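These notes concern the structure reproduced below.
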Amino acid sequence: MNERLALAAIAALTLLSLWLAPWSALNRETGARSAVLLLPNRIVDFTDRTTPVQVPGQGAVLVLSVIALAGVAAASALRERPRRVLWLVAGALLVGTSVWGLGRFAEAVDLQRLLSVRDDVASAIERPRPTFDLEVLQALVDAPEELTIEEMVARAREGGLIIRRLPYTGAALGPAAFLCLVTGAFALLFGARLVKPLNRPLDRALAGVAVPAVSILLALAAAAVVILALQPTPRASGFEIEGWLMALTGRLDTLWFAYYTLFADSLGTVRGFADSLSFATPLIFTGLAVGLGFRAGLFNIGAPGQMVLGAIFAMLAGLYLPGPTWLVLPLSVAAAALGGGLWGALPGWLKARFGANEVINTILLNFVAASLLLFLLSSNPTFAAPALRVIQLLAVVVGVMVVALLVPKLRGVMKLRPRLVFALVGVALLVGATIVSQPRPGDSPYVLNLPFRMPGSEPKSFELQHTARLPRLPAVFGIDLRETPGTNVVPVDVALPAALLLGLVALVAANRWKRPERYAARVGSAALVTLLAYAGLTALGWREAPLAIPPSNLNPSFLIAMAAAVFVHYFLFRTRFGYELRASGLSPRAAEYGGANLRQNIVMAMAISGALAGLTASHYVLGGALEDYALRQSIPTNDGFDGIAVALLGGNSPVGIVLAAFLFGVLKNGGSLLNITFSNLTRDVVSMILALVVLFIAAKGFLPERFTNPLRRAKALGDLPAEAVRDEPRHDAREGPEEGRG
Amino acid sequence: METVVLLTLLASALRAATPLLLAALGGLFSERSGVVNIALEGIMLFGALTAALVTYYVELPFVREATGARVWYAPWVGLLAAMIVGALVAGVHAVVSIRYKADQIISAVAINLMAIGVPAVILTGLFGNSTTSGTITNRLPMWSLGPFTFSPLVYLAFALVPVVWFVVFRTPFGLRLRAVGEHPAAADSVGISVTGMRYAGVMLSGVLAALGGAYLSIGAFNQFITEMSGGRGFIALAALIFGKWHPLGVLGATLLFGAFQALETQLGGSALLPPTVVQSLPFILTMLVLAGFVGRAVAPKAIGKPFTKS
């Protein structure tokens, strides 16, 4: 097995990183300048003004890490059993050492921050101002160790001194410490195979995530090249880089901090987490749209256009539907789905009826939708009178044709000689157009005044009625950001959501254990668990827990997205029609033989797919995620393309799509921070990473077939007898009812 | 008066058709060999970007010394670089979809997505804004024909039509290319390298599509703008289908689309229709064409299917 080689290689790399790469970052300043700590206690200060921090115990961390890494590497030479034991021991040692070392580091930095703030206070006391309460401040100077940094700042404010900039911000682990943790985790993972019952599930999980994980790693590695090429090492002006080691440290830290920026805010702060969920919401919708299409053997690249149509419909419903909120809001959401669904059904119908390729048609419809949006929101579109007459003529002719197609008798005539009819209509149209397009006296241009367009230079609609708005996160909890900006701490009833979550878990568990026919019993037991949990939590006094609510654009459309994911899962895997769709996707011929109506399925699949994409309007229009509750031309339709990456990464399964969308939400949130943090990097780096993920997943991560071919994988895992696998070329799944694309 | 208007319209139709024709002729090589190439759009963008950047940096030392300095070879170097980059980008599509047997459409979509993200990243690094490159002084020259002047690429595009026809239908290379696209197993059995021919077809399509892109940035304009191809790659693909994968058909189809775009430019000047309406007309026309209202086409048989040698 080459797991030995892989672990030995990672261990060697980590060993190298302990010598060369920053172990942790002491301090970060605006402009991404940093002071980094290399083991043992070597500090490279690119900011030029960080007071060095002595971290005790670094020598021990270094020695223990090296011993553990040597153990991991050496274990590769041993026989099966001792090897796994050694991996377990060394892995545990490595993780333990790194965590302990990081803990000491954090303590040392905290202490340094306290001391630094105390120095600030002390120097302020020497030059007192009338607002100062010197007693309070002096107490701070005397006994700083007993306080946390937040308490210290708060006390200083009580004493009349406002400390604006905290020193040593952004202290965090560096690439070397991170690699130590990763190597330790891998050693533990492979060592755990000592326990036989764990082997199969571990293998299965590894094989399942191999392609997406490798693709993401490759994409991040490719992005590393770009980041290093574009972003010079941020450093204080006048700072001279001496020697290759310092240069290398700077490069590694720049790269590391770029990645850290991409991930840390979303995963480490409440606000960032909420923002990344907000970024993920539309991606869940478009990912589901594309994924559902893939399952049905259709490639829906038209999600951007369907998003636009959904947004237009939602805007119209939200502006003009009368009635109370409980009626208008669901109807507006439904309108969004309807708009997207119709726009999706059109290429589906063209494929089912004429065999026109849905890939190109959906792409073309994206352009048409973009023009339509601009047309509706641009100021006063003007038609010259002759042009208007031509359009009217065209509308009349198309109307007549449609009516003729609907009347059976006329339809028969047209079917007899379709080409002749088309030619005649075409010539008539040309002649008619020539006649009506002659300028007439008294012609004046027709200016279209669209009532929903906001006057002004900005292309946007009026804001929706209040009855059609989904409240943003702070508003859900009754916070008015205009009165109390920033993060608010409010008491929240956590018992109900917790109880509902427990009920859901109980339902899933019951589905595993109970026999399928006892449907009522499963739901009943889940409901019972929910009630009991609610009663128990209420009794424990969990009704009002203080929660920090960040000012985020996250809104209930996230819940709609989750509901959509559940719906798609249920639809695809639990209904007859969903089964038919998947069968048509895998093998259209076999599905047709089995009684599936391919044409109807294509139209329906595209309509549902489009409806899912249209639902993004619940986030962007009804949810007010773009500044205000209005339809704007700047609606980010690229989310539709990103949905392709989401669906591919999520393996076209709703659970995978939600997880992939969250990952991309994190990346997008991080991307917007790249703009702020670095001088030469923008969020476009993230869109490049997404494109690369698509490319690498298409190439199956360049992995050997053992991981990628389902049959081979099953054989390698021991799920199939060896003779069941032959090297047959797999048949291409994507074939429409009519071959070709003309 | 009328004739002058018509001739002007015709000339601008020829200019508008040029990038479409180049890309569609490129697509012809790829699709005749059995590889769908939706990546034309992305390759055009990469070609446009490369041409603009290389021209910009070749002329930069001269332009620094004297504003507006003529450096006759700068755009040609840019053109050459665009062709190389086009071949490389198409090569990525080829490797992923031929060697790794990826879904050809997904691989191409990835390249199109990259053509949105990568130029923005590069432009930010070089020029500090993510949408436009620096303007170049030395565009491709204009060669006159009667009262009109055209870029050399216009002449090249139309001259390529008979050349492509000859290569595809009258040379051993063309025969093999078509054989590989129609029945790869049969071609393989008589000793033709299926993967080799497909690599050649896809890379050729990259070279031609990149020329089309270069025409946009250094032929018809003087800088690169993100997403400046505006769907021309997709329209070229539609023209390829409309033209039934035949050079002459492709010529007709691209001329039709070119005429439409020229009309759009002419109409855009007068206040006849809102520009947004005119913009969407070529796309609607293309959809009507694809739906078979204007004739049907039969694709190369093995198109879109990876070949596994048995």
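Just so you know, all these numbers are worked out from the coordinates, no wet-lab data involved. A quick note: this is a predicted structure, and the numbers were derived from the prediction, not measured. Cβ coordinates were reconstructed from backbone atoms using ideal geometry, including for glycine residues, and neighbour counts include every protein chain displayed.
In contact (Cβ under 8 Å) with a residue 40 or more places away in the chain, part of a helix (DSSP H, G or I), of a type outside the set (D, E, K, R) and in contact with a Pro (Cβ under 7 Å, 6 or more places away or on another chain): does that describe A:SER98? Against the criterion (in contact (Cβ under 8 Å) with a residue 40 or more places away in the chain, part of a helix (DSSP H, G or I), of a type outside the set (D, E, K, R) and in contact with a Pro (Cβ under 7 Å, 6 or more places away or on another chain)), A:SER98 does not qualify. Here B:VAL167 clears all of (1) closer than 18 Å to B:ALA23 by Cβ; (2) touching a residue at least 60 places away in the same chain (Cβ under 8 Å); (3) aliphatic (A, V, I, L, M) except the condition numbered (2).
Scanning the stretch B:235-255 for residues that are of a type in the set (A, V, I, L, M) and either surrounded by 24 or more Cβ atoms within 10 Å (Cβ to Cβ) or within 14 Å of chain A (Cβ to nearest Cβ) (or both) returns B:ILE235, B:ALA236, B:LEU237, B:ALA238, B:ALA239, B:LEU240, B:ILE241, B:VAL250, B:ALA253. Among the residues of the stretch B:108-118, is there at least one that is polar (S, T, N, Q), within 14 Å of chain A (Cβ to nearest Cβ) and free of Cβ contacts under 8 Å to residues at least 12 places away in the same chain? No; the residues of the stretch B:108-118 include none that is polar (S, T, N, Q), within 14 Å of chain A (Cβ to nearest Cβ) and free of Cβ contacts under 8 Å to residues at least 12 places away in the same chain. Among the residues of the stretch B:119-139, those identified as polar (S, T, N, Q), touching a residue at least 40 places away in the same chain (Cβ under 8 Å) and more than 8 Å from chain A (Cβ to nearest Cβ) are B:THR131, B:THR132, B:SER133, B:THR135, B:THR137, B:ASN138.
For the stretch A:355-365, a residue qualifies if it is part of a helix (DSSP H, G or I), touching a residue at least 60 places away in the same chain (Cβ under 8 Å) and at the interface with chain B (Cβ under 7 Å from one of its Cβ atoms), and the qualifying residues are A:VAL359, A:ILE360, A:ILE363.
Condition check ((1) of a type in the set (S, T, N, Q); (2) touching a helix residue (DSSP H, G or I) at 6+ places or on another chain (Cβ under 8 Å); (3) farther than 15 Å from A:LEU667 by Cβ) across all residues:
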residue: A:LEU252; (1), (2), (3): no, yes, yes
residue: A:TYR260; (1), (2), (3): no, no, no
residue: A:GLY272; (1), (2), (3): no, yes, no
residue: A:SER278; (1), (2), (3): yes, yes, no
residue: A:ILE284; (1), (2), (3): no, yes, no
residue: A:ALA296; (1), (2), (3): no, yes, yes
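Does the stretch A:614-633 contain any residue that is touching a residue at least 12 places away in the same chain (Cβ under 8 Å) and within 14 Å of chain B (Cβ to nearest Cβ)? Checked against the condition, which is being touching a residue at least 12 places away in the same chain (Cβ under 8 Å) and within 14 Å of chain B (Cβ to nearest Cβ), the stretch A:614-633 yields at least one hit.
A quick yes/no check of all residues on (1) outside any helix (DSSP H, G or I); (2) in contact with a Leu (Cβ under 9 Å, 6 or more places away or on another chain); (3) away from chain A (no Cβ under 14 Å); (4) of a type outside the set (Ser, Thr, Tyr):
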residue: B:LEU160; (1), (2), (3), (4): no, yes, yes, yes
residue: B:LEU175; (1), (2), (3), (4): no, no, yes, yes
residue: B:GLY181; (1), (2), (3), (4): no, no, no, yes
residue: B:ALA187; (1), (2), (3), (4): no, no, yes, yes
residue: B:SER205; (1), (2), (3), (4): no, yes, yes, no
residue: B:ALA209; (1), (2), (3), (4): no, yes, yes, yes
residue: B:GLY213; (1), (2), (3), (4): no, yes, yes, yes
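Counting residues in the stretch B:102-117 that are of a type in the set (Ser, Thr, Tyr) and either in contact with a helix residue (DSSP H, G or I) (Cβ under 6 Å, 6 or more places away or on another chain) or more than 17 Å from B:GLY213 (Cα to Cα) (or both) gives one or more.
Restricting the stretch A:66-82 to residues that are of a type outside the set (A, V, I, L, M) and within 39 Å of the chain's Cα centre (by Cα), the residue that is nearest to A:THR14 (Cα to Cα) is A:GLY71. In this entry, A:GLY291 is excluded by the filter for residues that are in contact with an Asp or Glu (Cβ under 6 Å, 6 or more places away or on another chain) and among the small types (Gly, Ala, Ser).
Only residues that are touching a residue at least 12 places away in the same chain (Cβ under 8 Å) and either under 14 Å from B:GLN279 (Cβ atoms) or more than 8 Å from chain B (Cβ to nearest Cβ) (or both) were counted across the stretch A:368-391, and they come to 16.
Set side by side, the residues A:ALA213, A:ALA192, A:ALA176 differ, and just one is under 27 Å from the mean Cα position of the chain (by Cα), in a helix (DSSP H, G or I) and closer than 30 Å to A:VAL66 by Cβ, which is A:ALA213. Report yes if some residue within the stretch A:312-331 is within 14 Å of another protein chain (Cβ to nearest Cβ), in contact with a Ser or Thr (Cβ under 9 Å, 6 or more places away or on another chain) and outside any helix (DSSP H, G or I); otherwise report no. For the stretch A:312-331, residues within 14 Å of another protein chain (Cβ to nearest Cβ), in contact with a Ser or Thr (Cβ under 9 Å, 6 or more places away or on another chain) and outside any helix (DSSP H, G or I): absent.
Here A:PHE285 fits the description: within 18 Å of A:PHE567 (Cβ to Cβ) and assigned to a helix (DSSP H, G or I).
Where residues in the stretch B:140-158 are free of Cβ contacts under 8 Å to residues at least 12 places away in the same chain and assigned to a loop (DSSP other than H, G, I, E, B), which of them is nearest to A:LEU695 (Cα to Cα)? The extreme case among them is B:MET142. Note on the stretch A:105-158: among residues that are in a loop (DSSP other than H, G, I, E, B) and of a type in the set (A, V, I, L, M), the one that is surrounded by the fewest Cβ atoms within 10 Å (Cβ to Cβ) is A:ALA143. The requirement of being touching a strand residue (DSSP E or B) at 6+ places or on another chain (Cβ under 7 Å), over 29 Å from A:ALA264 (Cβ atoms) and part of a loop (DSSP other than H, G, I, E, B) is fulfilled nowhere in the stretch A:638-661; no residue meets it.
Of the residues contained in the stretch A:239-257, one or more are found to be in contact with a Gly (Cβ under 7 Å, 6 or more places away or on another chain), more than 23 Å from A:PRO704 (Cα to Cα) and in a loop (DSSP other than H, G, I, E, B). Scanning the stretch A:587-602 for residues that are farther than 27 Å from A:TRP343 by Cβ and within 35 Å of the chain's Cα centre (by Cα) returns a single hit, A:SER587.
Filtered by the rule that a residue be within 12 Å of the chain's Cα centre (by Cα) and either surrounded by 24 or more Cβ atoms within 10 Å (Cβ to Cβ) or within 14 Å of chain B (Cβ to nearest Cβ) (or both), the stretch A:263-300 gives A:SER266, A:ASP275, A:SER276, A:PHE279, A:ALA280, A:THR281, A:PRO282, A:LEU283, A:ILE284, A:PHE285, A:THR286, A:GLY287.
Yes/no per residue for (1) buried (at least 20 other Cβ atoms within 10 Å of the Cβ); (2) touching a helix residue (DSSP H, G or I) at 6+ places or on another chain (Cβ under 6 Å):
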residue	(1), (2)
A:TRP19	no, no
A:GLY31	no, no
A:VAL36	yes, yes
A:ARG84	no, yes
A:LEU94	yes, yes
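The requirement of being aliphatic (A, V, I, L, M), exposed (fewer than 15 other Cβ atoms within 10 Å of the Cβ) and either touching a residue at least 12 places away in the same chain (Cβ under 8 Å) or touching a Cys at 6+ places or on another chain (Cβ under 8 Å) (or both) is fulfilled somewhere in the stretch A:558-572, by at least one residue. Taking the criterion of being assigned to a loop (DSSP other than H, G, I, E, B), in contact with a helix residue (DSSP H, G or I) (Cβ under 6 Å, 6 or more places away or on another chain) and away from chain B (no Cβ under 14 Å), the residues of the stretch A:438-467 that qualify are A:PHE452, A:LEU464.
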